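Okay, structure first, notes after.
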Amino acid sequence: MTVIEARGLRKSFGATVALDGVDLRVEEGRILGLIGPNGAGKTTALNAILGLTPYQGELKVLGRDPWAERDQLMRDACFIADVAVLPRWIRVSQALEYVAGVHPRFDRAKAEGFLAKTNIRNTSKVRELSKGMVAQLHLALVMAIDARLLVLDEPTLGLDILYRKQFYDSLLNDYFDRSRTIIVTTHQVEEVQHVLTDLMFIDRGRIVFSCSMEEFESRYLEVTANPEQVAAARALQPIHERPVLGRSILLFDLMTLDKVDRQQLAAFGDVRTPSIADLFVAMLGNKAGNQARVTQGAGR
Amino acid sequence: MNTQSNAVPDSPLDERVVAPAAMVATRPFYWSVRRELWENRYLYIAPVGVGGLILFARLISLAHLPSRMRTILTLDPMAQRMAIEQHYMMTAGLLMLTAMLVGAFYCIEALHGERRDRSILFWKSLPVSDLMTVLSKMAIPVVVLQLIAFVVTLAVQWIMLLLSSAVLLGSGMSAAMLWTRLPIVQMSAMLLYHLLILHGLWHAPFYGWFLMVSSWAKRAPFLWAVVPPLAIGIAEKIAFNTSYFASMLWTHVGGSPDGGSRAQSGSMSDMLGHFEPVKLLTAPGFWAGLAVTAIFLAAAARLRRYREPI
């Protein structure tokens with residue numbers, strides 16, 4: 001079943017084009033990573049999907065028009081827009097009570113179960129919690145909602161590494177199943193690489209690359225070439241090359257190479273699956289003037 | 001949702017489809033109003049505080065009560081009644097004023113604050129429509145604050161009535177005058193009617209305007225709420241040397257739906273009973289005000305839909 005379907009999605013703010021004809025299709029049971037440099041249009045795309053911003057073009061989310069039916073859509077979809085959107089005055093107990101009051105699919109006992117595993121006390125106000133605890137609280141609220149689509153926009157920004165790891169672990173272990181769909185944008189690409197089932201690169205309002213993670217793993221190879229074989233490896237036209245500690249690391253797209261397989265490449269040196277960040281830099285960093293932004297965007 | 005469940009009738013999703021139907025719209029509305037009271041505790045702290053202050057001041061005045069009572073006893077029944085009512089009116093009036101100020105302040109902040117602290121993104125992540133959010137916020141000045149003012153007024157009044165009686169009995173006088181001259185139950189009913197109809201519905205256009213401005217303004221919502229009406233009034237005065245706009249606003253604040261001014265009326269019960277339901281329902285100003293309110297609220301809801309954190 002298709003959860004999100006977009007055709008020719010456009011959105012501009014004055015002269016700035018945030019979305020420039022995005023076509024998108026997300027099936028049920030996927031975890032899609034939307035990766036892009038700052039200002040690429042990630043948040044705008046998510047806002048359109050969530051009915052937070054008007055747009056041009058066609059968009060259906062869970063069969064609904066999100067802009068016209070946001071409140072209806074939010075019964076089946078939920079989102080964490082940012083780490084700091086929980087109202088600072090609210091008490092944990094009040095947040096539970098309120099969501100239970102307005103959301104027909106919220107399971108309060110489940111949320112309390114998640115919170116019991118944390119150090120968050122029921123009587124605390126959000127303003128008294130650390131940033132990491134606020135993220136835990138928000139995640140506990142969201143995971144207790146029996147939704148079909150979860151959208152996460154930089155859900156772990158500014159959290160320390162322990163909280164970040166825990167965040168994705170509980171998402172995978174306690175929440176995700178094949179009937180749910182998750183879309184996540186993040187700059188900490190390495191941390192979501194093992195979580196994702198699908199990958200999408202967005203740049204200047206366009207989807208520039210999209211594949212499943214299986215495809216990603218079978219298609220892209222990174223070779224840390226032995227010095228004497230670098231020239232031979234270069235002859236096979238890697239899509240990217242970068243020097244690391246005096247050695248060259250070459251990135252190959254096996255689809256574009258004829259009759260070249262892993263064994264052949266392995267002869268040049270150590271072979272491994274590249275990180276998403278490396279592929280991102282290879283594909284988008286080559287554009288003149290984009291380098292600085294992209295390396296930052298890829299979390300390097 | 002429905003179209004999908006029709007398309008796949010055997011899917012396990014059907015159970016999920018049934019759930020929302022069970023939830024009626026009043027439940028999210030109720031919780032939306034409750035959360036306003038959690039967030040803005042001044043909504044009841046301010047009236048209770050003012051009530052407490054009045055009570056304190058009147059407690060001190062109890063010292064003069066026996067001598068005052070002796071003077072009152074020499075008056076004719078109508079004057080007696082007015083003298084006894086005087087304090088009740090003052091208490092009710094001060095709490096009405098408090099509720100008006102608190103309501104105006106609340107409305108100007110209501111839809112601006114949630115954008116300033118970015119919490120609008122959290123509220124919008126829940127299945128509550130913009131219109132329901134706006135209506136729940138409108139319910140605060142129109143209903144909730146008026147009920148709070150009513151309860152506080154009543155509490156102060158009853159405490160004073162009991163204490164005054166005790167003081168009079170203690171000084172060897174009869175307290176009967178306090179109870180017979182003051183039709184307290186009848187007056188309470190009229191006070192409630194007065195608060196809900198006049199301070200709630202008749203003032204509703206103001207609260208609607210404040211909410212709309214709060215939803216629209218990127219910064220300084222207070223200035224946007226106050227300056228444009230002021231500017232229109234001044235421009236009209238300069239251009240045409242008339243003040244229709246200003247007097248229209250003033251009638252709506254100080255007057256009552258049938259055109260009379262509340263300030264002139266003498267006795268409390270006269271004042272509260274000043275307008276009758278029939279007069280009210282046939283007063284065009286009342287309905288025009290409600291229509292304008294509806295426009296303001298619809299605009300506030302529509303603006304909130306487009307609004308992002310600031």
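The values are calculated or read from the model by the stated rules, or taken from the named source; none is laboratory data. In this text, all values refer to a predicted model and were calculated from it rather than measured experimentally. Neighbour counts run over all protein chains shown; Cβ positions are idealised from the backbone, glycine included.
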Residue that is surrounded by the most Cβ atoms within 10 Å (Cβ to Cβ) [pool: residues in the range A:45-59 that are within 14 Å of chain B (Cβ to nearest Cβ) and without any contact (Cβ under 8 Å) to a residue 60 or more places away in the chain]: A:ALA48
Checklist (1) touching a His at 6+ places or on another chain (Cβ under 7 Å); (2) closer than 26 Å to A:VAL85 by Cβ; (3) buried (at least 22 other Cβ atoms within 10 Å of the Cβ) applied to B:GLN146, failing item: (2)
Output for the range A:77-89, where each listed residue is within 7 Å of chain B (Cβ to nearest Cβ) and part of a loop (DSSP other than H, G, I, E, B): A:ALA81, A:ASP82, A:ALA84, A:VAL85, A:LEU86, A:PRO87, A:ARG88, A:TRP89
Long-range neighbours under 9 Å by Cβ, at least six apart or interchain, first residue part of a helix (DSSP H, G or I) within the range B:216-227, second among the charged types (D, E, K, R): B:TRP216/B:ARG307; B:PRO221/B:GLU109; B:PHE222/B:GLU109
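Tell me whether the range B:43-56 contains one or more residues that are in contact (Cβ under 8 Å) with a residue 40 or more places away in the chain, within 14 Å of chain A (Cβ to nearest Cβ) and part of a helix (DSSP H, G or I). Even if it seems obvious, please write down each step before you answer.
So the first thing to find is which residues in the range B:43-56 are in contact (Cβ under 8 Å) with a residue 40 or more places away in the chain, and the list is B:43-44, B:46-48, B:50-51, B:54-55.
Now restrict to residues that are within 14 Å of chain A (Cβ to nearest Cβ): B:43.
Still in the running and part of a helix (DSSP H, G or I): B:43.
Yes, the range B:43-56 contains at least one residue that is in contact (Cβ under 8 Å) with a residue 40 or more places away in the chain, within 14 Å of chain A (Cβ to nearest Cβ) and part of a helix (DSSP H, G or I).
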Inter-residue pairs, beta-carbon under 8 Å, first assigned by TED's automatic domain parsing to the domain that holds A:PRO54 and in the range A:1-24, second aromatic (Phe, Trp, Tyr), 6+ apart: A:LEU9/A:TYR55; A:ARG10/A:TYR55; A:LYS11/A:TYR55; A:LEU19/A:TYR55
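Out of the residues in the range A:137-180 meeting the condition of being of a type in the set (S, T, N, Q) and over 15 Å from A:LYS117 (Cα atoms), tell me which one is farthest from the chain's Cα centre (by Cα).
From the range A:137-180, those of a type in the set (S, T, N, Q) are A:156, A:166, A:170, A:173, A:179; that's our starting set.
Next cut, over 15 Å from A:LYS117 (Cα atoms) only: A:156, A:179.
Values: A:THR156: 11, A:SER179: 18 Å.
Ranking the candidates gives A:SER179 first.
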Breaking point among (1) within 15 Å of B:SER125 (Cβ to Cβ); (2) hydroxyl-bearing (Ser, Thr, Tyr); (3) at pLDDT below 95, for A:THR156: (1)
Matching residues in the range B:103-130 - criterion: being within 9 Å of another protein chain (Cβ to nearest Cβ) and not in a loop (DSSP other than H, G, I, E, B): B:GLU114, B:ILE120, B:LEU121, B:PHE122, B:TRP123, B:LYS124, B:ASP130
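Within the range B:142-210, considering only helices (runs of 4 or more DSSP H) that don't extend past its boundaries, which have at least 3 residues that are within 16 Å of B:ILE84 (Cβ to Cβ) and polar (S, T, N, Q)? Write out each step before concluding.
Numbers: elements: B:145-170, B:176-180, B:184-193.
Per the criteria, B:145-170.
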